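The values are calculated or read from the model by the stated rules, or taken from the named source; none is laboratory data. Remember, it's a predicted structure, so these values are computed and weren't measured experimentally. A quick note on method: Cβ atoms are made from the backbone with ideal geometry, for glycine too, and the neighbour counts reach across all protein chains shown. Please note that ligands, DNA and RNA were not included when accessible areas were found on the heavy atoms of the full protein model with its side chains. Shrake-Rupley method; radii C 1.70, N 1.55, O 1.52, S 1.80 Å.
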Amino acid sequence: MRRINQRAVLDLLRRGGPSTRPQVAKETGLSKPTVGQALLGLVEAGLVRTTGRTSSGPGRSAVVYEADPTAGYVLGIDIGRKRIRVAVADLAGEIVARGEQRNTSRSVRGLVRAVGRLTGSTVAEAGVATADVVVRVLGGPGVADEEARCFRHAANLPAFEQPGVLDELTGAVGPDLIIENDANLAAVGERERGAARDADVFACITVGTGVGMGLVVDGQLFRGASGAAGEIGYLPYGQLSDARAGAPPRGHLEEATGAESVVLAARRAGLAGARSARQVFRLARQGDEPALRAVEAVATRLAFVIASVAAVVDPRLVVLSGGIATNADLLRAPMDRALRAFTPLVPRIVQGELGEDAVLAGAIATGLRAGEGIVFDRRLSEPSTSTASGS
């Protein structure tokens, strides 16, 4: 019962912010002596700290307590085809250090080494002990295969598909590693801190090097039977004449909507010198006709994606995330025209607010949920090393 009361008090301080003992008693329904004992134990365990005193009127002032955000830390890792991003956050979700570098690795060994170095240097920059990092969350393309300990359907990052790579990454970055699809983490990030705050049914479609989707239903990530829900790159699109007997299935929609497709569309529209999606969108902003035609082609394909999702899921909201989505102002009008031609089921479409940090934000949020419980159990199972009192 003591543990239950302590958890109730700690959860209140984490969600509601600093409070006095009378305020905690009122909000939790616990007696003041019970709250006092709970706070004493939490302070001794290093989970709660005092922040001063307050007075709301005549009489004695009261001690103000808050959850100690330095009781533990979480590590978020975003591994993409082009970039590796890492961040360390305290239990209040505040980023205390972050690192980023280009992903030039083309082998498992090179990838693991690069991720290990970057996470190590970022934790050191945060000035925290490795043992204080209680949860690590890694996001990457594809679907985690727990038996083979690798990712499946990660064509844009072949090293992820090598059996055992997840064990090697765990060895490089540390224990308590949670593995999650990057599009799922982007959805979590946008719901926690971005464009989908408080949305209970929405889709977060990420369009960059590849295309993916995180789906939230009734406030929870929906992963499907094998974790492949949201692998919309495999939706059929266009002709299948290039399929080869015995060849692994290819993501036709991914080929039609990813960054390389923007360049191909521009070349087909007459922009022979197009080299990158960024260049095509820049020229479109300048009024270049071939570039504008390429943007319209890509917008039409994205409308196909949204129409397909809307018919199956009926989301209240669709969030566009990823590098291509940063050009939502150019895509919106042609995408809306095409969408309304496809279907009467038109959800509200918004641009993600977190940009390239969406996956990392989702990793930190996921880590915090797991980390709070881990820190509570660890700290209260350790022998007390200090004493504290308050009124």
* To do: Name the residue farthest towards the positive end of the dipole of the range 18-119 from the options GLY72, THR34, GLY46, assuming +1 on Cβ of Lys and Arg, -1 on Cβ of Asp and Glu, about the Cα centre.
  => GLY72
* Structure fact -> The convex hull of the Cα atoms of the range 170-241, divided by residue count, gives a volume in Å³ per residue of 160
* **Selected from ALA284, LEU13, GLY139, residue furthest toward positive end of dipole (the chain; charges at beta carbon)** => ALA284
* Roughly what angle does helix 259-268 make with the longest principal axis of the chain, taking Cα atoms, 0 to 90 degrees, to the nearest 10? -> 20
* Structure-based [θ]222 nm, the chain - -39500 (n - 2.57) summed over DSSP H runs of at least 4, per residue, nearest 500 -> -13500 deg cm²/dmol
* Mean shadow area of the range 247-335 over all directions, Cα convex hull, nm² -> 6.7
* To do: Give the distance, in whole Å, between the Cα centre of the range 252-267 and the Cα centre of the range 1-80.
  => 52
* Structure fact -> Largest fluctuation, GLY17, GLY322, GLY110 only, Gaussian network model of the chain with Cα springs under 10 angstrom, belongs to GLY17
* Structure fact -> The value for the range 269-391 (convex hull of the alpha-carbon atoms, volume per residue, Å³) is 202
* Structure fact -> Here the range 9-15 yields Karplus 3J(HN,Hα) values (6.51, -1.76, 1.60; θ = phi - 60°; whole Hz; Gly and Pro given as x) of 5, 5, 4, 5, 5, 5, 8
* Structure fact -> P(r) over all Cα-Cα pairs of the range 145-303, 10 Å bins from 0 to the longest distance, whole percent per bin, short to long, reads 10, 29, 33, 22, 6, 0
* When the convex hull of the C-alpha atoms of the chain is computed, what volume per residue in Å³ does it have? -> 181
* If one computes the Cα centroid of the range 175-208 and of the range 335-365, what distance in Å separates the two points? -> 11
* **Accessible surface, 1.4 Å probe, highest first, among residues ASP218, ASP357, ASP68** => ASP218, ASP357, ASP68
* Magnitude of the charge dipole, the chain, Cβ model with Lys/Arg +1 and Asp/Glu -1, debye to 20 -> 520
* **Cα long-axis angle, helix 328-342 against the chain (0 to 90 degrees, to the nearest 10)** => 70
* Structure fact -> Output for the range 114-187 (equivalent-ellipsoid semi-axes, sqrt of 5λ from the C-alpha gyration tensor, Å, descending) is 23, 13, 11
* Structure fact -> For the range 326-372, the charge dipole (Cβ of Lys, Arg +1; Cβ of Asp, Glu -1; about the Cα centre) points to a positive end, and the Cα of GLY352, GLY362, ALA333 closest to that extreme belongs to ALA333
